[in-house]
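The structure appears right after this line, and notes come after that.
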Amino acid sequence: MRHPEAFRVYLITDRKQVPAGGLVSAVTAALVGGVRAVQLREKDLGDRKLFELGEALRECTRQAGAVLLINDRADMAVAVEADGVHLTRASYSVGAARRLVGQTAIIGVSTHSAAEAREADAAGADFVTLGPIYETASKRRYGPPLGLGPLEEAVQSVGIPILAIGGIQLPTASAVLRAGAAGVALISGILAAPDVGAAASAFVSRCSAGPSLQR
């Protein structure tokens with residue numbers, strides 16, 4: 001996997017969880033706090049606004065030495081010169097995305113079971129998110145929380161990094177790391193915090209002792 005250590009803490013954007021117009025500032029604060037991987041995930045934005053936001057995040061992540069992935073939009077990832085794309089289960093295949101973004105790009109896949117994680121690994125993904133591990137409003141449409149069992153199963157059967165997602169807070173970050181997760185993916189744990197930079201720093205510190213992210 002390229003840039004493996006960046007994916008200890010994978011910040012997913014949601015501009016509705018920060019003050020109006022403040023997403024770039026919030027992401028910048030998280031980068032100052034040590035986050036080194038950001039996914040731009042603003043599904044309701046039109047192409048022009050998404051492109052402009054992507055360009056702004058590309059600039060601040062580049063300055064911080066961080067990687068930027070675009071949710072579901074390989075074309076937009078290419079347009080803003082992002083480091084890769086993050087695919088959902090409803091998206092096109094990893095192989096199709098690879099043809100669009102190139103062999104050196106990072107491709108992540110959202111998964112919701114150990115079987116889906118194995119499928120993404122076999123398809124050539126660089127990493128997966130797995131969840132929801134715990135209860136969270138943003139993941140309720142995917143069913144009840146998985147808990148740690150499927151995470152432990154996936155870790156034992158998948159050769160790429162698995163990032164736990166769904167209801168991740170500092171105490172639960174420790175639990176998923178003990179279960180074998182290589183890192184955590186989260187939104188509100190950082191973006192909804194009173195001090196975004198401090199929250200980011202706390203998660204980065206907590207996750208720094210996770211297992212190796214190398215294949």
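Before moving on, here are some points about what is shown:
- A Cβ distance below 8 Å, combined with a sequence gap of six or more or placement on separate chains, defines the contacts here; from region 34-62, residues that are without any contact (Cβ under 8 Å) to a residue 60 or more places away in the chain and among the small types (Gly, Ala, Ser) reach residues that are surrounded by fewer than 20 Cβ atoms within 10 Å (Cβ to Cβ) and in a helix (DSSP H, G or I) in the pairs Gly54/Met76; Gly54/Ala79; Ala56/Val24.
- Qualifying position, being closer than 21 Å to Val24 by Cα and aliphatic (A, V, I, L, M), among Ala122, Ala77, Ala90: Ala77
- Any chance Glu81 is without any contact (Cβ under 8 Å) to a residue 24 or more places away in the chain and either in a loop (DSSP other than H, G, I, E, B) or under 25 Å from Gly167 (Cβ atoms) (or both): yes
- Checked against (1) closer than 19 Å to Phe7 by Cβ; (2) loosely packed, with under 14 Cβ neighbours inside 10 Å, Arg48 meets all criteria but (1).
Yes or no, residue by residue, for (1) part of a helix (DSSP H, G or I); (2) in contact with a Pro (Cβ under 9 Å, 6 or more places away or on another chain); (3) loosely packed, with under 15 Cβ neighbours inside 10 Å:
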{"site": "Asp44", "(1), (2), (3)": "no, no, yes"}
{"site": "Glu52", "(1), (2), (3)": "yes, no, yes"}
{"site": "Ile70", "(1), (2), (3)": "no, no, no"}
{"site": "His86", "(1), (2), (3)": "no, no, no"}
{"site": "Ala90", "(1), (2), (3)": "no, no, yes"}
{"site": "Val128", "(1), (2), (3)": "no, yes, no"}
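- Of everything in region 141-151 that is surrounded by 16 or more Cβ atoms within 10 Å (Cβ to Cβ) and out of contact with any Pro (no Cβ under 9 Å at 6 or more places or on another chain), the residue that is nearest to Val128 (Cα to Cα) is Leu151.
- Among the residues making up region 114-167, those that are modelled with pLDDT of 95 or more, over 20 Å from Ala6 (Cα atoms) and among the acidic types (Asp, Glu) are Glu116, Glu119, Glu152, Glu153.
- For the residues Leu50, Leu69, the requirement of being in contact with a helix residue (DSSP H, G or I) (Cβ under 8 Å, 6 or more places away or on another chain) and closer than 23 Å to Gly189 by Cβ singles out Leu69.
The values are calculated or read from the model by the stated rules, or taken from the named source; none is laboratory data. Here the structure is a predicted model, which is why all the values come from computation and not from measurement. Positions of Cβ are backbone-derived with ideal geometry, glycine not excepted, and every protein chain shown enters the neighbour counts.
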